[in-house]
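The values are calculated or read from the model by the stated rules, or taken from the named source; none is laboratory data. In this text the structure is predicted, and so the values were computed from the model without any measurement. We place every Cβ from the backbone using ideal geometry, glycine too, and count neighbours over all the protein chains shown. Side chains are part of the model used for accessible areas, which takes the heavy atoms of the whole protein and leaves out ligands, DNA and RNA. Shrake-Rupley method; radii C 1.70, N 1.55, O 1.52, S 1.80 Å.
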Amino acid sequence: MRISTLLATVIIVPLALAGCKKEEESAVPPRPILSMVVTPVALPGTRFAGMVQAKVQATLGSRVAGRLVSRAVHVGDLVKKGDVLAVLDATAYELAVRSARAELSSAEATLASAVSIEDRQKTLLQSNAAAKAAVESAEQSREAADAGVTRARTALVKAEEQLSYTSILAEFEGVVVATGAEVGQTVSPGETIVTVARPDERDAVVDIPETAEAIAMGSRFTVSLQINPAISVKGVVREVAPSADAVTRTRRVKIALENPPDTVRLGTTITAELEGPDLTAIMIPETAVLQKDGKPNVWLVDAQKGEVRLAPIETGAAVGRYLPVSNGLKAGDRVVTAGVNSLEEGQKIKVEDEASL
C-alpha cells in the first residue's frame, strides 16, 4: 500500500509541474512594439516649399536724391497706371527750372541782337559802307548766340526732367506689396520707395537644393497651400536659375500657376510637388528591415490575430535613413519599425506606438 502511494506521488508531481509550466507560458504577455502603417509618399527631391509671387513686379524709386515729403500708398493698396505713389521735396529742382528758363530768355535775347547786327552789317556791305570782315564777325556772333540758345534750351529740358523725377508714378495697374522708405527720410537715386506687383499673373517660387535632380523647363508641378493642402493648382516651370546661390547653394525655380484661385494670394506659403511617373514610393526606416539569408524582410503585423509574420521585400537605394520598397508591401500594411532581430514568427505583440515618416 505504501509503495502504491509513493508511485502515485512520483507520477502526479511531474504532471503538476508540467501543467504549471504550460500555464506560465500561456500567461506570457504580448510584447509591445513600435510600428507604422505604410503609405506611398513623394520621393525626396520631388516636393519643395516656396512662396507665391507676382510674375511681374517692379521696385519704384526716384532718379534723384531728396527728402520724401509724402507717400500716398501702403502695402495692400491697389493702384492704377499713372497714380502718384510718393513725392520728394522739389524746392531745389523748381529753382533749377526757373534758373534754366532765365538762362534761355537771356540766350534768346542775345541771339536776337546777334541776328539784328548780322542783318545790318550785310546791308552795309551791299552799299560798300561796311567791310566784309565785319560781316563775318557778325555771322560768327550770331552762330555763337544760336548755340547758346540750344544749350540753354537743353538745360531747361534737363531741369524740368529732374523736377518730374520728384514724383514717383505707378508704371502699371497693380497692388503695393512693399514699401522701402518713410516720410521724412532722405532717399538716394535708385533707392526703393514702393514695390508694385501685378496680381493677375502669379508664380510659385521655390529654391531647390543643388544636390537635387535638375528640374527641366516645362516640368509640371502640383502646388498646394501649406495652410490648406486641399486648395491646389497646377503649374509649369517657366524659369530656372542658371547657377546656384553662392550662400544657400540652391537654384531658384519659378512655376507659372495656371488659373490660380483668389485664395492663392501673393506671399502665401506653398508646397510644390513634381508630377510624373515613379515619383512616389512606400518608404520605411532602415530599422524596420531584417536581413535574412542576405535578403531584406519586414515583420508584418496581423492586427486580428495580434501577432507578427515575416514577409520578404525588395528595396531600392537608401535615401537618408529610409528605404523605398518596390515590392512586398502595399498601402495600409503595418510593419514593425524597431527590435526586428528579437521577434519570432507568430509571436504575440501589442501595438504600443506608431512611428511615422
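Computed over protein heavy atoms with a 1.4 Å probe, the carbon and sulfur contribution to the accessible area of the chain reaches 53%. Were the residues from Lys348 through Glu210 laid out at 0.36 nm apart, the gain over their Cα-Cα distance would be 45.0 nm.
For the chain, what does the relative contact order come out to in percent, with C-alpha contacts under 8 Å and a separation of six or more? Can you show the working numbers first?
Numbers: 679 pairs, mean separation 93.7, N = 357.
After rounding, I find 26 percent.
Taking GluC sites (Glu not before Pro) that fall in a DSSP loop and have at most 15 other Cβ atoms within 10 Å as cut points, what is the longest piece of the chain between them?
On the way: sites that count: Glu171, Glu173, Glu182, Glu191, Glu201, Glu210, Glu213, Glu258, Glu275, Glu344, Glu345.
It runs 1-170.
Highest GNM mean-square fluctuation among Gln347, Gln304, Gln53, for the chain modelled with Cα contacts below 10 Å: Gln304.
In this structure, Thr123 and Glu161 have a Cβ-Cβ separation that, at R0 = 35 Å, corresponds to a calculated FRET efficiency of about 0.25. Averaged per residue, segment 98-215 has 58 square angstrom of accessible surface, using a 1.4 angstrom probe with ligands and nucleic acids left out.
In this simple spin-label model, placing a label point 7 Å from the Cα along the Cα-to-Cβ direction at both Ser326 and Glu239 gives a separation of 3.9 nm.
Highest mobility in the GNM of the chain, judged by mean-square fluctuation with C-alpha springs under 10 Å and restricted to Ala147, Ala131, Ala58, is found for Ala131. Highest GNM mean-square fluctuation among Val237, Val176, Val340, for the chain modelled with Cα contacts below 10 Å: Val340.
With every protein chain kept in the model, how would you rank Val319, Val97 by accessible area, 1.4 Å probe, largest at the top?
Numbers: Val319 55, Val97 5 Å².
Ranking Val319, Val97 by accessible area, largest first, yields Val319, Val97.
How high is the relative contact order of segment 89-190, given as a whole-number percent (alpha carbon pairs under 8 Å, six or more residues apart)? Don't jump to the answer; show the numbers that get you there.
Values: 61 pairs, mean separation 40.2, N = 102.
Once normalised by length, the contact order is 39 percent.
Would you list which lysines come within 24 Å of Lys122, measuring only between C-alpha atoms, while excluding same-chain residues fewer than 8 positions from it? Once the sequence-local lysines are set aside, what remains near Lys122 is Lys132.
In this simple spin-label approximation, Glu275 and Leu95 carry label points 7 Å from Cα along the Cα→Cβ vector, and these lie 6.3 nm apart. Counting only DSSP H runs of at least 4 residues, each contributing -39500 (n - 2.57), and dividing by the residue count of the chain, the helix-based mean residue ellipticity at 222 nm comes to -9500 deg cm²/dmol.
Rank Phe172, Phe221 by accessible area, highest first, at a 1.4 Å probe radius? Walk me through the numbers on the way to the answer.
Values: Phe172 45, Phe221 0 Å².
Greatest to least solvent exposure: Phe172, Phe221.
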